[in-house]
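Enquirer: Got a structure here, written out as structure tokens. Questions coming.
The values are calculated or read from the model by the stated rules, or taken from the named source; none is laboratory data. Predicted, not measured: the structure shown is a model, and the values here were computed from it. Every residue, glycine as well, gets a Cβ built from its backbone with ideal geometry; the counts of neighbours run over all protein chains shown.
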Amino acid sequence: MTSGIGFLTVMYMTKNMTVEEFGIVGLFMAALYILPQLISFSSIGLVSINKVKLENKEFILFSKSYFTFGMVIFIIVFLISLIGGIYFNDYLILFILIPLIALIQYLSLFHNTELIQDGKSKRFGTYRLMLAIISFAFTVLALSYFHLSWDGRLYAILLSEFIKEDFEWRYLRGDIYG
């Protein structure tokens, strides 16, 4: 279902965006494919290993150090991105949003790994479906109602990722660390 909603989103954007705007969104999505892995230094596998290997208190300590390390890398990436945004002033918002969304996705990777390790694949699927639905709704709203272009899609992704992560964090945190 999630892939179907993504396909509908692409069809909707194709109808309502120019080729140039769609290309900007494509570049944005390519950067979002790489940056969450860069922020985590591709260490998401450590989360699943430590989730099984460590006791709950030790895992919480690992989580804190994992998030601290990610925040340091995020700050470095964000500063580099701001420098790029100053150089390419017309696309400053793009350079600001990419690291912010990548940070939210970095946090989400951690939670998703916990869900999978805890055998809660239905909840993981529900969160992914929720993200796709909210993202599609915000995209339609931004492009049709507010008449935004490529930046409308980026705002839609930011809002949907934030809402999903906030919901996931509140619900998952109480469930796992309760």
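Enquirer: What is the residue count in segment 126-140 for residues that are among the polar types (S, T, N, Q) and either more than 16 Å from E165 (Cβ to Cβ) or buried (at least 18 other Cβ atoms within 10 Å of the Cβ) (or both)? Outline the logic, then answer.
Expert: Residues of segment 126-140 among the polar types (S, T, N, Q): 126, 135, 139.
Next, from what is left, pick out any that are either more than 16 Å from E165 (Cβ to Cβ) or buried (at least 18 other Cβ atoms within 10 Å of the Cβ) (or both): 135, 139.
Looking only at that region, the number is 2.
Enquirer: Please identify the pairs in which a residue from segment 17-43 that is at pLDDT below 90 has its Cβ atom under 7 Å from the Cβ atom of a residue that is exposed (fewer than 13 other Cβ atoms within 10 Å of the Cβ), counting only partners at least 6 apart or on another chain.
Expert: Sorted first by the residue in segment 17-43, then by its partner, the pairs are F22/T14.
Enquirer: Between I5, I24, I39, I44, which is touching a Gly at 6+ places or on another chain (Cβ under 6 Å) and among the aliphatic types (A, V, I, L, M)? Before the answer, list the steps.
Expert: Details: I5 fails: touching a Gly at 6+ places or on another chain (Cβ under 6 Å); I24 fails: touching a Gly at 6+ places or on another chain (Cβ under 6 Å); I44 fails: touching a Gly at 6+ places or on another chain (Cβ under 6 Å).
Just one listed residue meets the conditions, I39.
Enquirer: Separate question: Looking at L109, L143, L148, L129, can you tell me which residue is touching a helix residue (DSSP H, G or I) at 6+ places or on another chain (Cβ under 6 Å) and within 25 Å of G70 (Cα to Cα)? Show your work before the answer.
Expert: Values: L143 fails: within 25 Å of G70 (Cα to Cα); L148 fails: within 25 Å of G70 (Cα to Cα); L129 fails: within 25 Å of G70 (Cα to Cα).
Criteria check complete, one pass: L109.
Enquirer: Of the conditions (1) free of Cβ contacts under 8 Å to residues at least 40 places away in the same chain; (2) more than 27 Å from T126 (Cβ to Cβ), Y91 satisfies every one except a single condition; which number is it?
Expert: Condition not satisfied by Y91: (1).
Enquirer: Additional query: Would you call R123 surrounded by fewer than 21 Cβ atoms within 10 Å (Cβ to Cβ), of a type outside the set (A, V, I, L, M, F, W, C), under 15 Å from the mean Cα position of the chain (by Cα) and over 25 Å from I76 (Cβ atoms)? Walk me through it before giving the result.
Expert: Details: surrounded by fewer than 21 Cβ atoms within 10 Å (Cβ to Cβ): yes; of a type outside the set (A, V, I, L, M, F, W, C): yes; under 15 Å from the mean Cα position of the chain (by Cα): no; over 25 Å from I76 (Cβ atoms): yes.
Considered against the rule, which asks whether it is surrounded by fewer than 21 Cβ atoms within 10 Å (Cβ to Cβ), of a type outside the set (A, V, I, L, M, F, W, C), under 15 Å from the mean Cα position of the chain (by Cα) and over 25 Å from I76 (Cβ atoms), R123 comes out as no.
Enquirer: Between residues in segment 116-143 that are farther than 16 Å from Q105 by Cα and residues that are among the charged types (D, E, K, R) and assigned to a helix (DSSP H, G or I), which pairs lie under 6 Å by C-beta distance while being six or more apart or on different chains?
Expert: Hits for this filter: Q117/K51; T139/R153.
Enquirer: State yes or no: is Y87 over 15 Å from the mean Cα position of the chain (by Cα) and modelled with pLDDT under 90? Lay out the reasoning, then the answer.
Expert: Working: over 15 Å from the mean Cα position of the chain (by Cα): yes; modelled with pLDDT under 90: no.
No; evaluated as a whole, the condition is false for this residue.
Enquirer: Of the conditions (1) in contact with a Gly (Cβ under 8 Å, 6 or more places away or on another chain); (2) surrounded by fewer than 21 Cβ atoms within 10 Å (Cβ to Cβ), L143 fails just one. Which one is it?
Expert: L143 satisfies all of (1) in contact with a Gly (Cβ under 8 Å, 6 or more places away or on another chain); (2) surrounded by fewer than 21 Cβ atoms within 10 Å (Cβ to Cβ) except (2).
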